[in-house]
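Structure first, commentary second.
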């Protein structure tokens, strides 16, 4: 019977040695979690028309058709939306408010010497 206990103890010895003796007063180790990266949704703040060219404020940056912002590729800027490509998909983002479209007025130039 002594040998049975010895064989039993030897059979489980590798698993016991792998973790080492555990201190019962020590709190358990936190489990490691993989970091999940969430990319925030794109934001269209405004569209501006200047000299018949449209530019947009997309994710806080001024963009035109053909520009890129991070992993977003701007395909087209229209009067009230921006069409972009991201992760292999084409999507369209509309202005949140109708008054977000701004037309820049032409400022007349003053004659030389006039104030």
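Taking 0.36 nm per residue of sequence separation and removing the Cα-Cα distance, the residue 22/residue 45 pair yields an extension gain of 2.7 nm.
The gain in end-to-end length when the residue 61 to residue 90 segment is fully stretched comes to 8.5 nm, 0.36 nm per residue minus the alpha carbon separation.
Any read-out appearing in this document is the output of simple, stated calculations on the displayed coordinates, not a laboratory observation. Nothing here was measured: the structure is a model prediction, and the numbers come from that model.
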